[in-house]
Each structure stands twice: as C-alpha cells, then as structure tokens.
Amino acid sequence: MSDSPSGKISNVLNETRIFPPSPSFSQQSSIGSMAQYQAIYDASIQDVEGFWAKEAREHLHWFKPFETTLEWNEPFAKWFVGGQTNVSYNCLDVHVNNGLGDKVAIYWEGEPGDQRTVTYSDLLRDVSLFANGLKKLGVQKGDRISIYMPMVPELAVAMLACARVGAIHSVIFGGFSAEAIADRNNDAQARFLITADGGYRRGKPLSLKQTADEALAKSPSIEKCIVLSRVGGGTSMQEGRDVWWHDLIDGVSENCPAEPMDSEDSLFILYTSGSTGKPKGIRHTTAGYNLYAKRTFQWVFDHKPDDIFWCTADCGWITGHSYIVYGPMSAGATQVMYEGAPNWPQENRFWELIERYKVTILYTAPTAIRSFIKWGDHHVDKHDLSSLRLLGSVGEGINPEAWMWYYEKIGGGRCPIVDTWWQTETGGIMMSPLPGAIACKPGSCTRPLPGIIPRILQHDPASGDLVDVGTNSGGMLCIEKPWPGMLRGIWGDDERYKQQYWSMVPHMYLTGDNARQDEDGYYWIMGRIDDVINVSGHRLSTIEVESALVSHPAVAEAAAVGRPDEIKGQAIAVFVTLKSHEPTDEMREILKKHVRKEIGALAVPDDVRFTSALPKTRSGKIMRRLLRDIAAGKEGTGDTSTLEDFTVLVRLRNDDES
Ligand code: WT7
C-alpha cells in the first residue's frame, strides 16, 4: 500500500463462492434473469439521457413537464430542466390520490416500546400541518433549516414539510456535538433549527435540546428553534426564539398544497467528511434525486406493494434520506422505523421487531452484523424470521464471514443479499446485485445499476498516463457519465467540488474509492484513496479528528489513522505530541472527552498514543501509512526512504511499548 492515490494496490481477497437467487425468487422479481438485467443495462447506457427521460416521465408527477433532459456543463449537471415537481407530493399526495391513503407508511417503535402506526393519509396531514406551521413562522422557499432530532416519525415529517414548502433541509445526526451542529448551521446559514427535547438511546433520554442550545449560542443565523416534545419533563425554552412543535401547528390548516419546485431547486444539504477539516455540505436537488432514490429502491429491493421494508439507518445519514424517506415513500412502501439501540433492552431487539412486524426486507450495515455475531446466535434463535425474503448491506464492504453469517443465520439460506455500494454524493445506490437477476459473491457489490458506467483507472507506470486497469487490478473507481442522483456541488464551494471530484481524473466523477473488477465483470470495493476512515459505516476525516485534538491547549501535534477493528470496521488511533504536559492516562481521557465535545461520540479515538515526534517526509507531510502499520500492530515493511528523521520510527515503536 502507498500514500499516493495512484499507487498500486494489491488484491488480497480471493473469494470464489457464488450464490444465485432461487428460481422462485427470480420468478417473482421484476428483473428476473441475468439476460434481462443485461438487456436493460445495455439499452440504458446506449442512450443514457433517453433512458432517464423515459424513467422521469413515467415515475414522477410533474406539475410542468421538463424540456431538456440534461444540461451538462462539466462538472455542473442540470437534469429535467424546465420541469416542475415536488418531492413531498411524489411521496404523499400521489398515493393518497391513488386511493392508498389507508396504507401504512410507518410502523414506528420507540426504544421504550411505545408503538405508532402512521398511514399515508396520516403522514400527508401531519406534513401539511407542520408545513403550514413553518410558513406561519416565516419560512420561505430556499431557506435552510437544520434538523437535529431522534428517530421519530416527526423527523420524516420535518424533512417532507421542508420539501413541501421548498425549504432546504440539513439533517444533523443526533450523535453530533454542539460544535458540529454550530459549524453546519453557520456553513449553511440556516435560519431555523428543528429539534426535540430528547430521544431515547440505551434506556436513557438524551437531552438533544441542551446540546442544541449550546450550538445556538454559536449560530447567529438561526432565528427560531422548533422543539418537539418527545421525552417530556420540560426543557428550558428561550422566549422569542423557541417554540413547541405542538403550539406551532395548533389551529393551522390541514391543507397545504405542495409548492411546485423547479427540477434543480435544492432539496437538501447533507454534511459529510472529506479529506480536509471542514465538513462538506453535499447538495442534492429535486427531480433527479427523487427519481434516482425511487427507482434504485424499486430495483435493488425488488419492491412489491405488500413488502414490509426496514432500513435500520438513522435519517441523519444519506441512507436514511434515500432509503427511509424519499425512496420508499415515493414508491408507497410500508416500512418499520425504530428509534433506539439494537441491544436495548436486550440484544434480540432487531429480531423481535422483524418477527412482530413481519419484515420482508432488512437493510442494515456490516458493523451491526458484526455486533450481532459477537452477541451470539441464541438472540436470533428465539425468533421467527421466516417473513424475511431479502437482505441488504450498506456503508462499507462486508467481509465474507459476516456475509455468510447474515445469509445463513438471518436469511435462513433463502434470502439474497444486496451489497449496495454508493456514497452521500451519489444520492442513491450505484452498484448492487439486482436480487432476482444477479448471483451474489460474498464481499462484492457485483454490477452497476442501469444508467451507471463505472471505470477503474490508474496511472501507467511507464508513461504516467491514466489508463483503464485490467481484470483484477485495483485502481481508482470513477463514474463516466452524469446520473440524476449525483450531487450538484458542495454548498457554497464550487472550487472544492471541482477540485475534489473532477480534477484528478479528467471528465469523470472521482469516487475516492479503489476498486477492481473480476473475470466475471463483478466489482469489488477496496477502500478509500484519501485520508478518510470508515468507522461503523460512517466516513470521518482524519484531519477533522486531528484538528479537534490540536485545538486542545496541551497538544502540539496530532495524527489520526484508522486501524482494523472487528466490530466497527475501522477504529481511530491517534498519535499525539504534547507540549509540556505529562503523557498520563488522565490526559488520554481528557483528550478523548475533548474530541467528543468537538465532534461527537462517533469520533472519539479508541487508541490515544503519546509520542515525542511524528514520522514526516522531507516536505513535512505526516507519513500515515507508517502510523497505520504501527496502530495495526504490524511490523512496517513499506518504503521508508522518504522519511526525514529515521529515528522517529524507532522512538514511536518504543513509546508504544512504554
Ligand atoms: C463510502 C461512502 C452509502 C451510504 C452510507 C455511507 C464506503 C459504502 C459500501 C459497500 C464497500 C462501501 C465507500 C464509500 N461504502 N457502501 N457496499 N462496499 N464500501 O455513505 O458516508 O457517504 O460513505 O462508504 O468507501 O465511498 P458515506
């Protein structure tokens, strides 16, 4: 392995097992054979624009039809130009108008065990009420609204209400700290924040409002804060700024027509980590995103009207945006939504939910699967999981052992597994088995979806030119043509967008992942090319963690790296040089707490190692790959010829032993 993004990557995985869908699964699938997939795929890439134009006409409601399918002014895409639609209309009104108002949209369960059933009519009413509440508060088209809430139906209601009135939401995961919330509020110049008094996690109410208050003290653009009462018991409300959700909707009309939005009006911003310290606001727009979330949901999950779908993600991540709210709801799906932890009150909570609601499709993350394996099969054995017909995985590569356990123990050997590869930036799934058509190989995301053209490129060692790599060699995964779900940019930073995604490989979208393609044309993701680590399926930038550490007065310098972790995929190890303080256990705890405060619990380092110096190149760049080896407990065998001070390595290893 090498630090350079163009370095050669060796392929160490050699997985040869193959699992075709059963004939009965294929028979009931809308795309039920490899030949059918191939025909759809081939046609889609022969005329990419024609393909998406037809999809858009058939699968979205248009207040005004579009005139131009794609305006491509590289790297800025505009899809379905001239058209007007509304995402909340596509998710709600369409179904109610089709007589499906009584269909269950959400079976919700709170962590303490409270249950709610929400139909599409209920949801349309709740969204309309809240949308009218937003208008009453002065929300206007194009305003940014931050949402910091637990996993309750009102979170989906808030998102859909923003979409209904044309406000741009920025959902901030409930585990983020006040600092992180304030950064996001300020970057987006949000005018409003929607939060709750709390939410339940492992038996305890988390006081979200208290964290929100701390953030608001540093968020001058926020004028009003709407507070949902979830846990009760009172919270301090600031006169003139804070308003209860229930007071806001008191007396407003249940009728709120959806605002016709231009195809390219922004729908949401979602912040994600990049390879610099500043979080990136990934911007998605209306029609293209809506179409892509809906169709990929239908294709990949082979969705049928009577399916009970459960995506275990939080709406604070892109998975929750695309496969809890916008994809499934556009498709009129019935789904399960759960507020809390998978091991509360016991480690069988997921299996209990699947049995109770007769879930047919489960979509979860490898990090969760690894926890289930660790917790033991007896938690699974207590439950009847025979309702399941399809399983999904997302967030990081699934290791073949976890894949086999998921397939056999949860799927009873009868459910295909869709290993879905995509990113916050792609808006929806890009590569995945279509479960009735494409045989699975454990650890491979298999094939591209219709309209998506992946390429794997590498610098030719002799000429330095970028070339497509051959079978089974790793290289940079790129996407050749624009697709409707793609990000439209980084909020307020076109330069960074160009630089990050469209400069290293000319005329292609650079995903930031390495991949290889095997002899059957299957794709295998091989991890990131940049300094981004994947902890429990969520991207964290090493630089963000480093900046947080260096902001502590005792720290002179810090480097963060990922090291393999059985449960989380990667854990964070940090190497810290202190100013004049003692490297004590107490200092370790202080620094962990500091990172928790600056970023949030998900970024807290698992390993804090003190060192007198960091290994650097002559140009001063920290040599992370050496640190990665040390953190993983490996004897470094890599090239150290560019190391400026050779003794640092020896010292590091010694420090490590002390
Ligand atoms: C990065 C995107 C996609 C929603 C959740 C994470 C990694 C994601 C897979 C997969 C191997 C995967 C990639 C990607 N990743 N899915 N099936 N196999 N790696 O979204 O935070 O934007 O992270 O997650 O490295 O680039 P995200």
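The values are calculated or read from the model by the stated rules, or taken from the named source; none is laboratory data. Since the structure is predicted, the reported quantities are computational estimates derived from the model, not experimental observations. Heads up, the Cβs are rebuilt from the backbone with ideal geometry, glycines too, and the neighbour counts pull from every protein chain shown. In case anyone asks, the SASA skips ligands and DNA or RNA and just uses the protein heavy atoms, side chains included. Shrake-Rupley method; radii C 1.70, N 1.55, O 1.52, S 1.80 Å.
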Note on the range 572-610: residues β-branched (Val, Ile, Thr), outside any strand (DSSP E or B) and open to solvent by less than 40 Å² (accessible area, probe 1.4 Å) are VAL595, ILE599, VAL604
Of the conditions (1) surrounded by fewer than 24 Cβ atoms within 10 Å (Cβ to Cβ); (2) under 17 Å from VAL336 (Cα atoms), the single one that PRO65 does not satisfy is (2)
From the option list VAL104, VAL94, VAL127, VAL81, single residue qualifying as open to solvent by less than 20 Å² (accessible area, probe 1.4 Å) and among the hydrophobic types (A, V, I, L, M, F, W, C) is VAL127
- State whether one or more residues within the range 552-571 are within 16 Å of the ligand (Cβ to nearest atom), assigned to a loop (DSSP other than H, G, I, E, B), within 30 Å of THR364 (Cα to Cα) and open to solvent by 30 Å² or more (accessible area, probe 1.4 Å). yes
Considering the range 271-288, residues that are within 14 Å of the ligand (Cβ to nearest atom) and part of a loop (DSSP other than H, G, I, E, B), and then whichever is surrounded by the fewest Cβ atoms within 10 Å (Cβ to Cβ), we arrive at SER275
Log entry, pairs with first residue in the range 537-554 being without any contact (Cβ under 8 Å) to a residue 12 or more places away in the chain, second being away from the ligand (no atom under 16 Å from the Cβ) and of a type in the set (Gly, Ala, Ser), beta carbons closer than 9 Å, six or more apart or on different chains, reads VAL550/ALA556; VAL550/ALA558
- request: Inspect all residues belonging to the range 487-498 and state whether any of them is free of Cβ contacts under 8 Å to residues at least 24 places away in the same chain, over 25 Å from ILE269 (Cα atoms) and away from the ligand (no atom under 16 Å from the Cβ).
  value: no
Just checking, does the range 252-260 include any residue being in contact (Cβ under 8 Å) with a residue 12 or more places away in the chain, open to solvent by less than 40 Å² (accessible area, probe 1.4 Å) and within 16 Å of the ligand (Cβ to nearest atom)?
no
When the range 516-546 is checked residue by residue, the ones that are near the ligand (Cβ under 9 Å from one of its atoms) and either in contact with an Asp or Glu (Cβ under 7 Å, 6 or more places away or on another chain) or within 30 Å of GLN38 (Cβ to Cβ) (or both) are TRP524, ILE525, MET526, GLY527, ARG528, ASN534, GLY537
So, first residue closer than 27 Å to ARG563 by Cα in the range 516-530, second residue open to solvent by 40 Å² or more (accessible area, probe 1.4 Å) and more than 10 Å from the ligand (Cβ to nearest atom), Cβ within less than 6 Å, six or more apart or across chains; the pairs are ARG516/ASN11; ARG516/ASN472; ASP518/ASN472; TYR523/GLN517; ILE529/PRO5
Going through the range 305-330 in order, the residues found to be under 25 Å from GLY99 (Cβ atoms) and small (Gly, Ala, Ser) are GLY327, SER330
Selection from the range 235-281 of residues among the aliphatic types (A, V, I, L, M), farther than 30 Å from ASP531 by Cα and in contact with a Gly (Cβ under 8 Å, 6 or more places away or on another chain) yields LEU248, ILE249, VAL252, MET261
Checked pairs for the range 389-402, first touching a residue at least 24 places away in the same chain (Cβ under 8 Å), second β-branched (Val, Ile, Thr) and open to solvent by 10 Å² or more (accessible area, probe 1.4 Å), C-beta under 6 Å and 6 or more apart or across chains, list as ARG389/THR360; VAL394/THR319; GLY397/ILE525
Note: among LEU248, LEU291, just one is open to solvent by less than 20 Å² (accessible area, probe 1.4 Å), farther than 23 Å from THR511 by Cα, touching a residue at least 60 places away in the same chain (Cβ under 8 Å) and among the aliphatic types (A, V, I, L, M), namely LEU248
task = Can you confirm whether the range 299-320 contains a residue that is under 18 Å from ALA188 (Cβ atoms) and in contact with a Ser or Thr (Cβ under 7 Å, 6 or more places away or on another chain)?
result = yes
Exactly one of ASP314, ASP306 is open to solvent by 10 Å² or more (accessible area, probe 1.4 Å), under 24 Å from VAL380 (Cβ atoms) and either of a type in the set (D, E, K, R) or touching a Pro at 6+ places or on another chain (Cβ under 9 Å) (or both), and that residue is ASP314
By my count, helices (runs of 4 or more DSSP H) wholly in the range 326-427 with at least 1 residues that are farther than 24 Å from ILE106 by Cβ and either open to solvent by 10 Å² or more (accessible area, probe 1.4 Å) or within 16 Å of the ligand (Cβ to nearest atom) (or both) are 366-375, 378-381, 400-405
Here the residues within the range 458-486 that are assigned to a strand (DSSP E or B) and within 13 Å of the ligand (Cβ to nearest atom) are MET476, LEU477, CYS478, ILE479
Condition set more than 15 Å from CYS478 (Cβ to Cβ) and open to solvent by 10 Å² or more (accessible area, probe 1.4 Å), scope the range 442-457, selection farthest from the ligand (Cβ to nearest atom): answer is ARG447
By residue number, the members of the range 118-144 that are among the basic types (Lys, Arg) and outside any strand (DSSP E or B) are ARG125, LYS135, LYS136, LYS141
Considering residues that are farther than 25 Å from GLY340 by Cβ and either in contact with a Pro (Cβ under 9 Å, 6 or more places away or on another chain) or open to solvent by less than 10 Å² (accessible area, probe 1.4 Å) (or both), the number found within the range 178-199 is 8
### Task
Determine whether ASP585 is modelled with pLDDT of 95 or more, over 27 Å from GLY320 (Cβ atoms) and either within 12 Å of the ligand (Cβ to nearest atom) or of a type outside the set (Gly, Ala, Ser) (or both).
no
| request: Confirm whether PHE268 is in a strand (DSSP E or B), within 16 Å of the ligand (Cβ to nearest atom) and buried (at least 21 other Cβ atoms within 10 Å of the Cβ). | output: yes
Somewhere in the range 302-313, is a residue assigned to a strand (DSSP E or B) and among the β-branched types (Val, Ile, Thr)? yes
